[in-house]
Amino acid sequence: MSVEAPRVRTARMGLTHLILIAGSIIMIVPLLWTVSTSLKTLQQIAVWPPEWIPDPVMWRNYIDVFDAAPVALWLRNSLVIVAADVIGSVVTCSFVAYGFARMRFPGREALFLLLLSTLMMPYIVRLIPLFVLYNQLGWINTFLPLVIPPLLGRNPFFIFLLRQFFMGIPEDLSDAARIDGCSEFGIWWRIVMPLSKPAIAAVTIFSFQQAWDNFLAPLVYMAGRPDLRPLSVGLYLLRGGGGQLPDTHYMMVLSVLMIIPMLVIFAFGQRYFIQGVTLTGIKG
């Protein structure tokens, strides 16, 4: 028994690693193919059997795509949308979450349950009423439908995530700050926020991903303003959705440009992101 047990454990670990390696290969192959295709000419893409390593490597595709389409303008628009969403999600959602976690007021729990109930309503159900509302406000064909709502703490999932994390911070720290004369705003900004870096990193990554990949809302709210289209809508145009540039290599170049920012932000915030997700919900 003492001889068989280590062998069984070793076999199980070996099988587990084989499954994980196989799964990783399946997940990474489409990414490698996208990068490979972005470095080919149209003639190389049509070769059969396909070549994984293009010869020659067309690095110029990443320069030519900026001449073939207004990619720089699309990037600027995407950054505007992402900046508003990330700032709004971190600041305003954390402020609302602090109120639910630490403030005592009548109907707090009922109001929080009402907030969570909105998670069950799909965005597509709210799309037409929101379009009508934004149209009456004169926001259609502007950045406002994508910039203003995030600044008002509109994401209930982020509020829930931050609220759960805030409830895990010892309240003795807040009480000590109140004795020293610190306001609730000061407690939130000077004590709670610095101690909530893992949760803030998780919210930042989630909000960045949602805003960066957002396709439907810009397509609907900015249909009449081609100069406001973000990169996600531009990728749709490159695939022939708008009748221009159905070139596969340019489409793959833009796909790589869509992927790189997410890989970078996750690589830098991975440690805090995992801590934020795993620690949220320990209390409350």
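The values are calculated or read from the model by the stated rules, or taken from the named source; none is laboratory data. Note that this is a predicted model, so its numbers are computed, not measured. Note: ideal-geometry Cβ built from the backbone for every residue, glycine included; neighbour counts use all protein chains shown.
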Q: Taking the options ALA97, ALA72, name whichever one is in a helix (DSSP H, G or I), closer than 30 Å to TRP189 by Cβ and in the same structural domain as GLY234 (by TED's automatic domain parsing).
A: ALA97
Q | Single match in VAL86, VAL71, VAL80 (criterion: of a type in the set (A, V, I, L, M) and under 14 Å from VAL203 (Cα atoms)) | A | VAL86
Q) Which residues, counting only those in the range 82-100, are touching a Phe, Trp or Tyr at 6+ places or on another chain (Cβ under 7 Å) and modelled with pLDDT of 90 or more? A) VAL82, VAL86, CYS93, PHE95, ALA97, TYR98, PHE100
Q.
Condition (residue is touching a Ser or Thr at 6+ places or on another chain (Cβ under 8 Å) and surrounded by 12 or more Cβ atoms within 10 Å (Cβ to Cβ)) applied to the range 136-146: is it met by at least one residue?
A. no
**Q.** Identity of the residue in the range 46-69, part of a helix (DSSP H, G or I) and touching a helix residue (DSSP H, G or I) at 6+ places or on another chain (Cβ under 7 Å), that ends up surrounded by the fewest Cβ atoms within 10 Å (Cβ to Cβ)
**A.** PHE66
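Conditions tested, residue by residue: (1) modelled with pLDDT of 90 or more; (2) in a helix (DSSP H, G or I).
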residue: TRP139; (1), (2): yes, no
residue: PRO145; (1), (2): yes, yes
residue: ARG154; (1), (2): no, no
residue: PHE158; (1), (2): yes, yes
residue: SER174; (1), (2): no, yes
residue: SER196; (1), (2): no, yes
residue: ALA202; (1), (2): no, yes
residue: TRP212; (1), (2): yes, yes
residue: TYR236; (1), (2): no, yes
Q: From the list GLY88, GLY107, GLY99, GLY23, pick out the single residue that is more than 20 Å from VAL147 (Cα to Cα) and surrounded by 13 or more Cβ atoms within 10 Å (Cβ to Cβ).
A: GLY99
Q | Odd one out for ALA72 among (1) surrounded by 11 or more Cβ atoms within 10 Å (Cβ to Cβ); (2) of a type outside the set (D, E, K, R); (3) closer than 17 Å to PRO261 by Cβ | A | (1)
Q.
Among the residues that make up the range 5-17, is at least one of them assigned to a helix (DSSP H, G or I) and in contact (Cβ under 8 Å) with a residue 24 or more places away in the chain?
A. no
Q: Taking MET27 as the residue in question, decide whether it is modelled with pLDDT of 80 or more, under 30 Å from ASP247 (Cβ atoms) and not assigned by TED's automatic domain parsing to the domain that holds PHE208.
A: yes
Q) Taking the range 96-124 on its own, how many of its residues are more than 28 Å from LEU173 (Cα to Cα) and more than 24 Å from the chain's Cα centre (by Cα)? A) 1
